[in-house]
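Below is one structure; the comments refer to it alone.
The values are calculated or read from the model by the stated rules, or taken from the named source; none is laboratory data. What you see is a predicted model; the values in this text were computed from it and never measured. Cβ placement follows ideal geometry from the backbone for every residue including glycine, while neighbour counts extend to all protein chains displayed. Side chains included, ligands, DNA and RNA excluded: accessible areas come from the protein's heavy atoms. Shrake-Rupley method; radii C 1.70, N 1.55, O 1.52, S 1.80 Å.
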Amino acid sequence: MNTTLLARWNRLTTPLLSDEARQKATYQQLSEAYGASDRHYHGLAHIRTLLDAVIQHPTLIQDREVVELAIWFHDAVYSTLRDDNEARSAALALEFLRHTTLSPERRQRVAYLIERTKDHTQPQPAADPDLHFFLDADLQILGASEADYWQYARQVRQEYRLVPDFMYRRGRRKVLEKLLNVPVLYQTPAFRERLDALARRNLRAELKVWESGGEV
C-alpha cells in the first residue's frame, strides 16, 4: 500500500489501539491481501475509492470509524472458489477489533456491514444510513463511465480466471440479471440519482455481450 493509505490506516486505528506492533502487523496483513497478484479489481484501488467516498459524502454517514473499518476489512478475504468470503473477512475484523477500545456493539456493527456485502440485491433494513452508504459506495463502479466499467468487467473475469468460460458466462449472466431485476440498486438518493441510470446501462451492455457469445 502506498503512503497515503498507510496514513489513513494510522489515522483511523491509532486512537483505537495502543499496541503499535499489532497495528503495523494488521496493516501488513491487509496490504499483502489486497496487493496479492490475483487481485485485479478487489485490491488497493477499490479500498482507496471507498475511503474517498467517505470524504466525499460526510453527511451520509453517522459512525465514520465503523464505516472506515468495514471498508478496510470487507474484502480482506477474497477467493473466487469460496462462498464464505464475507464471513471470514468479518471474523478477521473482529479478531483485530477485540484488541481495540471500540465497544463490543460497534465491533459487531463493523462485522455486520461486512457481512451485508454478500448480496447487494437483498432487501436492506430501513433507517440504516451507514449500511446504505457502505453498500452504495461498494457498488459505485457499476455506474462508472463506460471505459471504467469495462475495465472493471475485465478485471473481475481475471479474478475468476480459474473458472472455465462456459461456467463463468452462465454465472456472470445470472449476476447481471439479478442486479438488473432489483427495484432499488442504490439505497441512498444521492447515489441513486447520480448512478442508477448509468449502472443499468452498463449492466445491460455487459449482459448483451455474454448473451451474444462475446467476451469482455
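Tabulated data for the structure shown
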quantity: Residue match in segment 7-24 (condition: under 18 Å from the mean Cα position of the chain (by Cα) and surrounded by fewer than 16 Cβ atoms within 10 Å (Cβ to Cβ)); calculated: no
quantity: Qualifying residue in segment 188-200 (condition: surrounded by fewer than 17 Cβ atoms within 10 Å (Cβ to Cβ), over 28 Å from residue 58 (Cα atoms) and of a type in the set (Lys, Arg)); calculated: no
quantity: Residue check, residue 70 open to solvent by less than 40 Å² (accessible area, probe 1.4 Å), under 27 Å from residue 144 (Cα atoms), small (Gly, Ala, Ser) and in a helix (DSSP H, G or I); calculated: yes
quantity: Cβ pairs under 7 Å, 6+ apart, first in segment 142-161 and among the hydroxyl-bearing types (Ser, Thr, Tyr), second at pLDDT below 95 and open to solvent by less than 80 Å² (accessible area, probe 1.4 Å); calculated: 160/80
quantity: Filtered residues of segment 201-213 (kept if of a type outside the set (A, V, I, L, M) and buried (at least 17 other Cβ atoms within 10 Å of the Cβ)); calculated: 202, 206, 210
quantity: Pairs with Cβ under 6 Å, 6+ apart, first in segment 162-190 and farther than 18 Å from residue 83 by Cβ, second surrounded by 13 or more Cβ atoms within 10 Å (Cβ to Cβ) and among the polar types (S, T, N, Q); calculated: 182/121; 187/124
quantity: Neighbours by Cβ (under 9 Å, 6+ apart or cross-chain): first from segment 88-99, more than 18 Å from residue 68 (Cβ to Cβ); second in a helix (DSSP H, G or I) and of a type in the set (A, V, I, L, M, F, W, C); calculated: 91/111
quantity: Tally, over segment 30-42, of residues that are surrounded by 13 or more Cβ atoms within 10 Å (Cβ to Cβ) and without any contact (Cβ under 8 Å) to a residue 12 or more places away in the chain; calculated: 0
quantity: Filter result for residue 61 (touching a residue at least 12 places away in the same chain (Cβ under 8 Å) and out of contact with any Cys (no Cβ under 7 Å at 6 or more places or on another chain)); calculated: yes
quantity: Near pairs, Cβ below 6 angstrom, 6+ apart or cross-chain, from segment 117-132 (closer than 21 Å to residue 65 by Cα) to any residue that is loosely packed, with under 15 Cβ neighbours inside 10 Å; calculated: 129/62; 130/62
quantity: Cross-chain or 6+ apart pairs with Cβ under 8 Å, segment 196-208 first and part of a helix (DSSP H, G or I), then surrounded by fewer than 21 Cβ atoms within 10 Å (Cβ to Cβ) and acidic (Asp, Glu); calculated: 202/146; 205/146; 207/177
quantity: Some residue of segment 47-58 being of a type outside the set (S, T, N, Q), more than 23 Å from residue 186 (Cα to Cα) and either open to solvent by 60 Å² or more (accessible area, probe 1.4 Å) or assigned to a helix (DSSP H, G or I) (or both); calculated: no
